[in-house]
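Data block below; observations after.
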Protein chains: 2
Amino acid sequence: MIRRGFQAAVRLGQHRALFGGPQVLPRLNLTSAFGSSTDSLVSRFCPEKTDLKDYALPNASWCPDMLDLYQEFLEKTKTDGWIKLPSFKSNRDHIQGLKLPSGLAVASDKSDWRIFTRCIQVEGQGYEYVIFFHPSEKKSICLFQPGPYLEGAPGFAHGGSLATMMDETFSKTAYLAGEGLFTVSLNIRFKNLIPVGSLAVLNVHVEKIEDQKLYMSCIAQSRDQQTVYAKCSGIFLQLQLEEESPQ
Amino acid sequence: MIRRGFQAAVRLGQHRALFGGPQVLPRLNLTSAFGSSTDSLVSRFCPEKTDLKDYALPNASWCPDMLDLYQEFLEKTKTDGWIKLPSFKSNRDHIQGLKLPSGLAVASDKSDWRIFTRCIQVEGQGYEYVIFFHPSEKKSICLFQPGPYLEGAPGFAHGGSLATMMDETFSKTAYLAGEGLFTVSLNIRFKNLIPVGSLAVLNVHVEKIEDQKLYMSCIAQSRDQQTVYAKCSGIFLQLQLEEESPQ
């Protein structure tokens, strides 16, 4: 059986000891191993011209708090170095021309793939979110409004929906800040429930990059910062995508 | 502003110190505080007669491994004390006649609520899963097959979709085993990616119940146990639902 996952991934990178057992990582030359600049990653990830639908745009379901903050950060893209990340239907659309390393490729007979956080396309019913990224400060902010299809306890967002939103914001930030590609661990402490339809603001930081891993932190709270919904730390593994060979 | 969440919940239970700061919990009489037997919780949770649709039944999208194991555990419900849990569209359907404690009630103008793990109703595209629970051993098994709308990296399930499935299996197990109602923390270590359309088997155990908290563990792996997808520990807070007053 071919293991399709991290163990295959780390074999490719010759880091067999990454998971389990004593971790004795070979010292890599990080400049050559992860040489893509944030600028080049961002320009590939956020194409200026595309026919792809961007789901991270305001719609009638957004609450006033979400619209306000969206406008505020959109202004900051002009002056303060923030970038609004587009959000396409699948990660395949973001990384066109690239692919996972060979050991992780999967044959596919499915045509309709969706990134989990865009699985529900009816406005306002599922995930509404937009991520802004700050390249030089290696941080992101995610405006997240859970809809009624993301319910856990009656009237509140499922803990898993927030965990997913944190993982997804980590993921985009980790990739753009340093080619972080796979979640190694998530450690979440829930503090308060998010009422369905209201806004949670996720602040994500890359704390450090060390031994091919990115160490991330996230706090999710209300706009006025009076209610903390959850805190999370996460570790991501750096791994370079490969150029896709022409079909 | 009214905080709707754990802090309201713990105020109700007079456990202000549960989150943050030194944790000095008052000693409760757990027998009286959490007196509902697992039998009575199960019989309310798994009504023998209902018109509600049970989503945890085989359909044409289930892979052979999932069908096999489903049949195997269905047999065990007759001989080994396992119970197949039904899975309704919303947690509201499971806890009919009960409600969250008053401080957690939310006004609602929405009519179409869905539990996050049943947010996609097209067979095979989103979550396919079934949970079996063993009351006397306080453990569960969840058969989980992620569809193409749960994608993260191309061809593989999003880490958040597995985190959600673990949280949801914890949640149902914690409630039935000891009225565990809210996720306090999740600590997940990811080992291998789950290819979309394949089966992951989640084994969940209640490790201990102490100071109104349930300590849970989960391992998610392939059917042959040769590939570990992730390991997780979780803590749930005990809290009793209230009888709903007649409308």
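Does the range A:103-113 contain any residue that is within 22 Å of B:Gly124 (Cα to Cα), touching a strand residue (DSSP E or B) at 6+ places or on another chain (Cβ under 7 Å), open to solvent by less than 30 Å² (accessible area, probe 1.4 Å) and not charged (D, E, K, R)?
For the range A:103-113, residues within 22 Å of B:Gly124 (Cα to Cα), touching a strand residue (DSSP E or B) at 6+ places or on another chain (Cβ under 7 Å), open to solvent by less than 30 Å² (accessible area, probe 1.4 Å) and not charged (D, E, K, R): present.
Specify the residue that is nearest to A:Phe144 (Cα to Cα); the eligible residues are those in the range A:215-225 that are assigned to a strand (DSSP E or B) and open to solvent by 40 Å² or more (accessible area, probe 1.4 Å).
Residue satisfying both the conditions and the ranking: A:Ile219.
Filter the range A:82-125 down to the residues that are among the charged types (D, E, K, R) and modelled with pLDDT of 90 or more and list them by number.
Once the filter is applied, which keeps residues that are among the charged types (D, E, K, R) and modelled with pLDDT of 90 or more, the range A:82-125 yields A:Lys84, A:Lys89, A:Arg114, A:Arg118, A:Glu123.
Quick one: A:Ile235 ticks every box in (1) open to solvent by less than 10 Å² (accessible area, probe 1.4 Å); (2) closer than 30 Å to A:Gly97 by Cα; (3) assigned to a strand (DSSP E or B) bar one, so which box is it?
A:Ile235 satisfies all of (1) open to solvent by less than 10 Å² (accessible area, probe 1.4 Å); (2) closer than 30 Å to A:Gly97 by Cα; (3) assigned to a strand (DSSP E or B) except (1).
Do you know which of the residues in the range B:189-210 that are open to solvent by 50 Å² or more (accessible area, probe 1.4 Å) and more than 8 Å from chain A (Cβ to nearest Cβ) is nearest to B:Asp167 (Cα to Cα)?
Applying the filter and picking the extreme gives B:His205.
For every residue, the table says whether it meets (1) within 14 Å of chain B (Cβ to nearest Cβ); (2) open to solvent by 20 Å² or more (accessible area, probe 1.4 Å); (3) under 22 Å from A:Ala157 (Cβ atoms).
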residue: A:Asp68; (1), (2), (3): no, yes, yes
residue: A:Lys78; (1), (2), (3): no, yes, no
residue: A:Lys84; (1), (2), (3): no, yes, no
residue: A:Leu100; (1), (2), (3): yes, no, no
residue: A:Gln125; (1), (2), (3): yes, yes, yes
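I'd like the full set of residues that are within 14 Å of another protein chain (Cβ to nearest Cβ) and within 13 Å of the chain's Cα centre (by Cα), limited to the range A:86-97.
A:Ser87, A:Phe88, A:Ser90, A:Asn91, A:His94
Condition check: among the charged types (D, E, K, R), more than 14 Å from the chain's Cα centre (by Cα) and at pLDDT 95 or above. Does A:Glu168 satisfy that?
no
Identify the residue in the range A:168-209 that is among the small types (Gly, Ala, Ser) and free of Cβ contacts under 8 Å to residues at least 60 places away in the same chain and, among all such residues, is nearest to A:Asp224 (Cα to Cα).
Going through the qualifying residues, I end up with A:Ala200.
So, in the range B:127-176, of the ones that are acidic (Asp, Glu) and farther than 19 Å from B:Asn192 by Cβ, which residue ends up farthest from the other protein chains (Cβ to nearest Cβ)?
That would be B:Glu137.
The values are calculated or read from the model by the stated rules, or taken from the named source; none is laboratory data. Source: prediction; values computed, not measured. So basically every Cβ, Gly included, is an ideal-geometry build from the backbone, and we count neighbours across all protein chains shown. Each accessible area value is taken on the protein alone, full model and side chains, heavy atoms only, with ligands, DNA and RNA left out. Shrake-Rupley method; radii C 1.70, N 1.55, O 1.52, S 1.80 Å.
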